[in-house]
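In what follows, a single structure is set out as structure tokens and then discussed.
The values are calculated or read from the model by the stated rules, or taken from the named source; none is laboratory data. Predicted, not measured: the structure shown is a model, and the values here were computed from it. We place every Cβ from the backbone using ideal geometry, glycine too, and count neighbours over all the protein chains shown.
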Amino acid sequence: MLSTLFAALTLLPLIAPFQGADANPASKPTRAAPLEYGIQIRTGYALPGDVIEVAWSIQVKEDCMALPSALTGGAIALYVGEKSLGPIRTAPTEESEMGFKRGTSFQGKMPIAVNDLIRKSGLKLDTTRTLTLSLGLGPVARASLKVVPDMSDYPLDKLDLTKTKVVIMTDFGSMVAEFFPDKAPNHVKRFVGLAQKHFYDGIQFHRIVPGFMIQGGDYHTRAVGSPSDMGAQPPLKSEFNDIKHVKGILSMARTNDPNSASAQFFIMHGRAPYLDGNYTVFGKVIEGLDVIDALAKQPIGRSQTGEMSKPLKPVWIRKMIVLGVPKK
């Protein structure tokens, strides 16, 4: 699912008990007031050049004095491992403490450029790296982000497809898929290659049959402004194999012609024995099976063929990210 982490933070420096708007913080004890902090990153994976959205929340548990920036998202810090690299944005230099009443809550969203995080962390992005954002002046409420090198121009034949994975990002969470190049080498190359070139970014899951499968990859459903303008792909010869069509399996869609698969694929939501040996299985979801359930719950109506499978609202593949592993 989405990379989400909520935690309680009970001590925050620069906060003191508050007994009214005229309270003098210098004359009050310096014990910290209990607060509840939460931080959330909308996606668990990102590429250089992406802009991520960070959401945060703060609940004041008792009357206190505090610097406004500490309670309005200004204390979000970047961590690499346990090492703090300081706040994402700098608090005003001349701000004064204010009084905040018990029960006051703060929520907000903050866009952050991934390139800024890479630059601030100083990491060499030669492989996937995990960066952590923390809310408050201590690393208690945390959310992590995996920053992935852009593999769009990396030669496909130099990737180890037995270890390479693809993240399928949707509005309902992210799925991570691995592949079976020993069973369906050409289908795996087609899917990973298209994911590299952002073919699937901004394309819909246009067919949802709960208990059966979720289908996507039709370039006709691509959103305006998507990064790819690639159209129909050459058909592939079938690579039927002995892998069963069970929940989480990725298989290629086709017409009645066994050798007509091109780019459309489906993710199994249930078991369908009659597909075994008749459709080419090329991968499976290894993380995010609950996302398949969420997709299968989207409202549907009748398609042009009369099947109850057409989403009533667009269900988007927002992005695919290739977690490429070069051959040794």
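Brief remarks on what is shown
- Listed by first and then second residue, the pairs with beta-carbon distance under 7 Å, at least 6 apart or on different chains, first residue in the range 287-298 and modelled with pLDDT of 95 or more, second surrounded by fewer than 17 Cβ atoms within 10 Å (Cβ to Cβ) and not charged (D, E, K, R), are 288/1; 290/1; 291/1; 296/210.
- Taken over the range 83-119, the residue count meeting the criterion of being of a type outside the set (A, V, I, L, M), closer than 20 Å to residue 55 by Cα and assigned to a helix (DSSP H, G or I) is 2.
- Evaluation of residue 137 against (1) modelled with pLDDT of 95 or more; (2) part of a loop (DSSP other than H, G, I, E, B) (one fails), failing number: (1)
- Residue 226 vs. criteria in a strand (DSSP E or B), free of Cβ contacts under 8 Å to residues at least 60 places away in the same chain, in the same structural domain as residue 185 (by TED's automatic domain parsing) and under 24 Å from the mean Cα position of the chain (by Cα): no
- Total residues in the range 271-303 satisfying the condition of being hydroxyl-bearing (Ser, Thr, Tyr), more than 16 Å from residue 206 (Cβ to Cβ) and either under 29 Å from the mean Cα position of the chain (by Cα) or surrounded by 13 or more Cβ atoms within 10 Å (Cβ to Cβ) (or both): the figure is 2.
- Residue in the range 183-193 that is nearest to residue 233 (Cα to Cα), counting only those that are buried (at least 22 other Cβ atoms within 10 Å of the Cβ) and either assigned by TED's automatic domain parsing to the domain that holds residue 50 or of a type outside the set (Phe, Trp, Tyr) (or both): 190
- Residue check, residue 203 at pLDDT 95 or above, closer than 28 Å to residue 182 by Cβ and touching a Phe, Trp or Tyr at 6+ places or on another chain (Cβ under 8 Å): yes
- So residue 310, is it under 21 Å from residue 165 (Cβ atoms) and in a strand (DSSP E or B): no
- Among the residues of the range 60-80, those that are modelled with pLDDT of 80 or more and closer than 17 Å to residue 142 by Cβ comprise 76, 77, 78, 79, 80.
- Hey, residue 309 touching a Ser or Thr at 6+ places or on another chain (Cβ under 6 Å), in the same structural domain as residue 208 (by TED's automatic domain parsing) and not β-branched (Val, Ile, Thr) or not: yes
- Top-ranked residue in the range 222-238 [being crowded, with 18+ Cβ neighbours inside 10 Å and among the hydroxyl-bearing types (Ser, Thr, Tyr); ranked as farthest from residue 280 (Cα to Cα)]: 226
- Selection within the range 225-272: residues that are of a type in the set (Asp, Glu), out of contact with any helix residue (DSSP H, G or I) (no Cβ under 8 Å at 6 or more places or on another chain) and at pLDDT 95 or above. The member of this set that is nearest to residue 316 (Cα to Cα) is 257.
- Residue count, the range 150-170 (criterion: of a type outside the set (Ser, Thr, Tyr), under 22 Å from residue 319 (Cβ atoms) and modelled with pLDDT of 95 or more): 10
- The C-beta contact set for the range 47-58 (first residue in a strand (DSSP E or B), second residue of a type in the set (Lys, Arg), distance under 6 angstrom, 6+ apart or interchain) comprises 53/42; 53/109; 55/109.
- Residues that are within 21 Å of residue 252 (Cα to Cα) and among the β-branched types (Val, Ile, Thr) within the range 277-315 comprise 280, 281, 285, 286, 291, 292, 305, 315, listed in sequence order.
- Residue selected from the range 244-269 under the condition among the β-branched types (Val, Ile, Thr) and closer than 18 Å to residue 214 by Cβ, by the criterion surrounded by the fewest Cβ atoms within 10 Å (Cβ to Cβ): 246
- Residue 191 meets the stated requirement of being in contact with a strand residue (DSSP E or B) (Cβ under 7 Å, 6 or more places away or on another chain), under 21 Å from residue 45 (Cα atoms) and at pLDDT 95 or above.
- Among residues that are β-branched (Val, Ile, Thr), outside any strand (DSSP E or B) and out of contact with any helix residue (DSSP H, G or I) (no Cβ under 9 Å at 6 or more places or on another chain), residue 176 is not included.
- Pick from the range 149-173, criterion within 23 Å of residue 237 (Cβ to Cβ) and assigned to a helix (DSSP H, G or I), ranking: nearest to the chain's Cα centre (by Cα): 156
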